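Read the structure below first, then the notes.
The values are calculated or read from the model by the stated rules, or taken from the named source; none is laboratory data. Remember, predicted model here, so these are calculated numbers, not experimental data. Note: ideal-geometry Cβ built from the backbone for every residue, glycine included; neighbour counts use all protein chains shown.
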Amino acid sequence: MTHSTGWHPHFVKPSKYGTQGDPRTSDHQFYTTALLAHRNGADGLSLFNFVYYRSHAGSDVPVTEPPFHVLDRLNDFSFLERQHHYYMAAGTSYFRQIGELKQTAPLSIELDMARPATPRTTKAQSDDPARLRVHTLQVLTTEHRLVVTFNGTPLERCDDTSGFFDNPYDSMISPRGHRRAWLLPDSLIQDGLTKIVLKLESGNDLRVVYLDAGVPVQLQARAGKSTP
C-alpha cells in the first residue's frame, strides 16, 4: 500500500508525476485493504512512499505527518474486522481501474469486498446508510443521467456526496460538482468480487477518475467506546 489511492488531473498536471495532488490514503482505506489482504491469505503488508504525506503544500492539499498509528493495526485481524469499510477504485500513474463513460459504452468496475462480520440493524442502516460515490473529471450537470447497478441491482441515488468516516483528504478526491452518490443496501454486500456497472443515459461523455464506497459496521460489533 502507498500514501495515495489515485492519480488526479484535478490537482496535478497530467504531464507530471502526481504526488503533490494525489488523494492521500485515509485510515479506513488502509484498514479495509489490509482486511481484504488477510482474508485472501496475506501474511503481512508492505508500504511504499509512506513519507509522502508530508510533501507539497498547496492551497487545497493537506500536508500532514504520515499516519504512523495505522502501522501496528495492519496485522491485527480482530481490530480490522471492527472497522468501517472504505473501498475505492481509481486511476494511477501506471494503470487504470476506471475510465471513460459514454452513452454507447457502459463502464464496468470490479471491487473486492467483504461482508461485515456483524449485520447491522434496520435502524442503523437507515440512520447511517452505506453509500457509493462516482467522481468525474468533468462537472456533472442536470443533463448527466447516470444509472449504477451493483451486482445487477440498480441503486437509488442520494443527495449526500460527503466524505466517508471523517476522511481529512476527501477534498483531494474531487471538487464540488464533480461527484454523485447512491445508497448501497447492506443486503447487497457479499464477500468477494463485486461487479459495478455505470451507465450514462444522457449528457456528454465523462471520464470517471474515482469510485468509492463507505460501509459502516454495526457499532455494537466494535470495541468499547473509547477504542477506535
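Residue-by-condition table, conditions (1) under 20 Å from Leu111 (Cα atoms); (2) at pLDDT below 75:
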{"position": "His69", "(1), (2)": "no, no"}
{"position": "Asp72", "(1), (2)": "no, no"}
{"position": "Phe77", "(1), (2)": "no, no"}
{"position": "Glu81", "(1), (2)": "yes, no"}
{"position": "Tyr86", "(1), (2)": "yes, no"}
{"position": "Ala90", "(1), (2)": "yes, no"}
{"position": "Ser93", "(1), (2)": "yes, yes"}
{"position": "Arg96", "(1), (2)": "yes, yes"}
Give the residues of region 1-52 that are modelled with pLDDT under 90, of a type outside the set (A, V, I, L, M, F, W, C) and closer than 19 Å to Val208 by Cβ, sorted by residue number.
Ser4, Thr5, Gly6, His8, Pro9, His10, Pro14, Gly18, Gly21, Asp22, Pro23
Do we have any residue at all in region 153-160 that's basic (Lys, Arg), touching a residue at least 40 places away in the same chain (Cβ under 8 Å) and either within 19 Å of Thr32 (Cβ to Cβ) or touching a strand residue (DSSP E or B) at 6+ places or on another chain (Cβ under 9 Å) (or both)?
no
Starting from region 164-178, take each residue that is in contact (Cβ under 8 Å) with a residue 24 or more places away in the chain and assigned to a loop (DSSP other than H, G, I, E, B) and list its partners that are among the basic types (Lys, Arg) and surrounded by fewer than 21 Cβ atoms within 10 Å (Cβ to Cβ), counting only C-beta distances under 8 angstrom and pairs at least six apart or across chains.
Phe164/Arg131; Ile173/Arg179
Scan region 148-181 residue by residue and report those that are of a type in the set (A, V, I, L, M, F, W, C), modelled with pLDDT of 95 or more, within 13 Å of the chain's Cα centre (by Cα) and under 25 Å from Asp205 (Cβ atoms).
Ala181
Arg120 is checked against (1) buried (at least 19 other Cβ atoms within 10 Å of the Cβ); (2) at pLDDT 95 or above; (3) out of contact with any Gly (no Cβ under 9 Å at 6 or more places or on another chain) and fails just one. What number does that condition carry?
(2)
Hey, can you tell me all the residues within region 127-147 that are over 20 Å from the mean Cα position of the chain (by Cα) and assigned to a loop (DSSP other than H, G, I, E, B)?
Thr141, Thr142, Glu143, His144
